[in-house]
Amino acid sequence: MNVSVRQGSLVEARCDALIVNLFEGVKQPGGATGAVDAALGGAISRQIEEEEFEGKLGKCMIVRPCVEFPAAKVIVVGLGKSEQFGALEIMKAAAGAIRKCRKIKAAKVASILHGAGIAGLPAFDCARATALGSILGAYEFIRWKTEDVKPNPVESFEIVELSANKMADIRAGAGRGELVGEAVLFARDLVNEPSNVVTPAYLADLARSIAKEAGMKLKVMDRSQFEEAGMGLFAAVARGAAVEPQFIELAYKHPDATKTIALIGKAITFDTGGYSLKTTDSMVRMKDDMAGAAAVLAAMKVVGKIKPKVNILALIPATENAIGATAIHPGDVVTSLGGKTVEINNTDAEGRLTLGDAVAYANTAGADEIIDIATLTGACVTALGREMSGIFGTDQELVDKLVAAGGSCGELMWQLPLFADYKEHLKSEVADLRNAEKGGPGAILGALFVHAFVGETPWAHIDISSAFAEKDLPLAKTGAVGTGAGTLVEYLLGYPS
Ligand code: BES
Ligand code: ZN
Ligand code: ZN
C-alpha cells in the first residue's frame with residue numbers, strides 16, 4: 001500500500017473510496033467533511049439521520065454519491081467522543097476506515113487528515129497517526145493461505161489536505177508513520193510465522209541480511225561457543241532444544257556516537273515450558289515468545305535507514321524451550337555469565353534466564369544503557385490485559401522516554417514497580433537465586449530477576465503483554481500485534497543523525 005500526501009480539496013479527489021470523519025453525536029458535519037457533504041447535496045447528513053449513525057470510534061458508514069462526484073464511494077468514519085480524542089483515536093479511526101476499504105475492494109483511497117484543526121494536535125502527529133493507523137489496519141497475515149485468499153486490494157492511500165502551510169509537517173508525519181509502520185509489520189510477519197519456520201537459525205539469517213544491507217557487524221555464537229563464553233543460564237534453557245540455538249549479536253556504529261544502547265529481545269522460538277510443561281491451552285500461542293526479538297530486529301532494520309547518532313548493540317539469545325532427554329530439570333543449578341548461581345525451580349520461567357545472561361553480556365560489551373523487551377510473564381497479561389504492556393526500569397528518564405515513544409505509535413505501556421522487598425521471593429536455599437515462585441507477584445519477579453544481572457547500567461525492561469491479539473483489536477486483526485517495534489524506532493529517532 002503506497003502512502004502519499006497531496007495538497008488539494010477532498011471534493012475533487014478522484015478515487016474508489018474517499019474517507020471523511022465525524023465525531024460521535026454530531027448530526028451536521030463541519031470542516032472538510034462538511035464540504036464533502038455540501039458537494040454531495042447533503043447526502044452525508046441525510047444518511048446520518050436515516051441510519052442513526054452515531055460516529056462511534058472506528059465505525060463506518062458508506063455513502064454512495066447520487067450526484068456527479070469524483071469519488072465512487074464516501075466512507076464516513078466515527079472519531080468517537082470529541083473530549084476523548086488524540087493520536088491513538090486517530091489511529092483507530094484510520095484503521096477502521098481502511099478495513100472498510102478492504103471490504104469494498106477499493107484500490108485507490110483518498111483520506112481526510114484526521115484530527116486536522118483540533119486544538120493541541122500538531123499536524124505532524126495527525127499525519128503520523130493517520131498513516132500509521134491505516135497501515136496497521138490494512139495488515140493481514142495470509143502467507144500460508146492457499147484458499148479464500150483476500151490480499152489487500154488497497155494500492156494507494158493518499159492524504160489530501162487543503163492548507164498549504166501545513167504540507168511540510170504533514171509530509172514528514174506521514175513519512176514517520178510509514179517508517180514506524182514498516183517496522184511494526186516486519187515484526188508482525190515474524191511473530192505470525194510458526195515455530196517450524198522461525199527457528200534460531202532463521203533469526204540469525206535475518207540478522208545477517210539486515211547487517212549486510214546496512215553495513216552492521218554480526219556475530220553469532222552457537223551452542224558450544226556460548227557455553228564456552230560462560231552463559232550458563234542461556235545454555236540451560238537451550239539444552240533441550242533440537243534445533244540449534246544461537247546467540248545473535250548485531251552491532252550498529254555511528255562515527256559520532258557518544259553512547260552505546262543495548263537492545264535485548266527475548267527469542268524463545270517456541271515455549272513448551274520445558275519439564276514445567278505448559279497445558280495445551282497455554283502452549284497454543286507460544287510461537288509468539290520471540291516477539292521481543294522481532295521488535296528488536298524490526299528496529300534494527302529501520303536503524304539501517306535512519307542511521308541514528310548512537311551505537312546500538314542488538315542481542316538476541318535465541319532458542320526453543322523444549323523437553324527431551326537433554327533438557328534441564330526443575331531444581332537444576334546453573335552458573336550465569338557473571339558468576340551468580342541460579343536454581344531453576346521452574347523451567348517455564350525461561351525468558352528471564354536468557355535475558356539474565358544477555359544483560360550481563362551487554363555490560364561486558366560496554367553498554368551505557370540497556371533496554372530489554374520480552375514476552376516474559378503471563379502475570380503481566382493478567383495485570384494489564386492485551387492492549388497494554390508493562391514497563392520497569394532503574395532510570396526514570398529512560399522509562400519516560402520509552403513510554404512517550406510508545407504512546408506516539410499506539411503501543412501503550414504502564415510502569416510497574418521494581419519493589420526491592422520482593423527480592424525475598426527469589427531467594428534460593430541452594431543457590432544465590434531461584435528463577436521463579438509459585439503464585440508470587442509474577443511480572444515484578446520476572447523484572448527483579450533480570451535486574452539482578454544488570455548492575456549499575458541504566459536499564460528498562462518491557463514485559464510485552466500485547467504480543468498476540470486473540471481476537472480482532474482496533475489496530476490489529478487476530479494474530480501478531482508487532483508490539484515494541486514502533487516504540488524502539490520512535491525512541492531511536494530521538495538520536496537524530
Ligand atoms: N512466555 C511466557 C510468558 C507469557 C505467557 C507471555 C503467556 C504471554 C502470554 C513465559 O516464559 C512463562 O511461561 N512465564 C511463566 C513464569 C512462571 C512460571 C513464573 C508465567 O508467566 O506463567
Ligand atoms: Zn515459559
Ligand atoms: Zn517464555
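The values are calculated or read from the model by the stated rules, or taken from the named source; none is laboratory data. Just so we're clear, the structure is a prediction, and the values are computed from it rather than from any experiment. Every residue, glycine as well, gets a Cβ built from its backbone with ideal geometry; the counts of neighbours run over all protein chains shown.
From the list Thr364, Thr354, Thr279, pick out the single residue that is within 15 Å of ligand 2 (Cβ to nearest atom), over 19 Å from Arg223 (Cβ atoms) and of a type in the set (Ser, Thr, Tyr). None of the others qualify; the one that does is Thr279.
Considering (1) more than 14 Å from Ile264 (Cβ to Cβ); (2) more than 16 Å from ligand 1 (Cβ to nearest atom), the lone condition that Ser389 does not fulfil carries the number (2).
If only one of Thr269, Thr258 is modelled with pLDDT of 95 or more, away from ligand 3 (no atom under 13 Å from the Cβ) and among the β-branched types (Val, Ile, Thr), which one is it?
Thr258
For (1) small (Gly, Ala, Ser); (2) touching a strand residue (DSSP E or B) at 6+ places or on another chain (Cβ under 7 Å); (3) in a loop (DSSP other than H, G, I, E, B), each residue gets a yes or a no:
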position: Glu320; (1), (2), (3): no, yes, no
position: Asp357; (1), (2), (3): no, yes, no
position: Ala360; (1), (2), (3): yes, no, no
position: Asn363; (1), (2), (3): no, no, no
position: Glu387; (1), (2), (3): no, no, yes
position: Val399; (1), (2), (3): no, yes, no
position: Gly406; (1), (2), (3): yes, yes, no
position: Leu418; (1), (2), (3): no, yes, yes
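The condition (being within 16 Å of ligand 1 (Cβ to nearest atom), surrounded by fewer than 24 Cβ atoms within 10 Å (Cβ to Cβ), assigned by TED's automatic domain parsing to the domain that holds Arg239 and at positive phi) is satisfied by just one residue among Gly324, Gly331: Gly331.
Taken together, Ile370, Ile328 contain a single residue that is part of a strand (DSSP E or B) and in contact with a strand residue (DSSP E or B) (Cβ under 8 Å, 6 or more places away or on another chain), which is Ile370. Figure legend. Inter-residue proximity from the stretch 126-147: first residues surrounded by 24 or more Cβ atoms within 10 Å (Cβ to Cβ) and basic (Lys, Arg), second residues modelled with pLDDT of 95 or more and outside any loop (DSSP other than H, G, I, E, B), beta-carbon distance below 8 Å, spacing 6+ or different chains. Indicated pairs: Arg128/Ala87; Arg128/Gly173; Arg128/Ala174; Arg128/Arg176; Arg128/Gly177; Arg128/Val180.
Val342 - would you say it is part of a strand (DSSP E or B), surrounded by 24 or more Cβ atoms within 10 Å (Cβ to Cβ) and over 23 Å from the mean Cα position of the chain (by Cα)? Here the answer is yes, as Val342 does meet what is asked. Going residue by residue through the stretch 191-198, is there one that turns out to be surrounded by fewer than 19 Cβ atoms within 10 Å (Cβ to Cβ) and either under 14 Å from the mean Cα position of the chain (by Cα) or more than 20 Å from Asp289 (Cβ to Cβ) (or both)? No, every residue in the stretch 191-198 fails to be surrounded by fewer than 19 Cβ atoms within 10 Å (Cβ to Cβ) and either under 14 Å from the mean Cα position of the chain (by Cα) or more than 20 Å from Asp289 (Cβ to Cβ) (or both). Of Gly378, Gly390, Gly439, Gly410, all but one fail to be modelled with pLDDT under 95 and either at positive phi or within 16 Å of ligand 3 (Cβ to nearest atom) (or both); the exception is Gly439. Considering the conditions (1) within 16 Å of ligand 3 (Cβ to nearest atom); (2) buried (at least 24 other Cβ atoms within 10 Å of the Cβ); (3) under 27 Å from Ala95 (Cα atoms), Arg352 is excluded by exactly one of them, (3).
If you scan the stretch 355-368, which residues turn out to be more than 16 Å from ligand 3 (Cβ to nearest atom) and closer than 13 Å to Phe449 by Cβ? Of everything in the stretch 355-368, those that are more than 16 Å from ligand 3 (Cβ to nearest atom) and closer than 13 Å to Phe449 by Cβ turn out to be Val359, Ala360. It is to be established whether one or more residues within the stretch 307-321 are closer than 21 Å to Ala431 by Cβ, among the hydroxyl-bearing types (Ser, Thr, Tyr) and either more than 16 Å from ligand 3 (Cβ to nearest atom) or at pLDDT 95 or above (or both). No, that holds for no residue.
Yes or no: the stretch 350-372 includes at least one residue that is within 15 Å of ligand 1 (Cβ to nearest atom), under 20 Å from Gly482 (Cβ atoms) and in contact with a Phe, Trp or Tyr (Cβ under 7 Å, 6 or more places away or on another chain). There is no residue in the stretch 350-372 that is within 15 Å of ligand 1 (Cβ to nearest atom), under 20 Å from Gly482 (Cβ atoms) and in contact with a Phe, Trp or Tyr (Cβ under 7 Å, 6 or more places away or on another chain).
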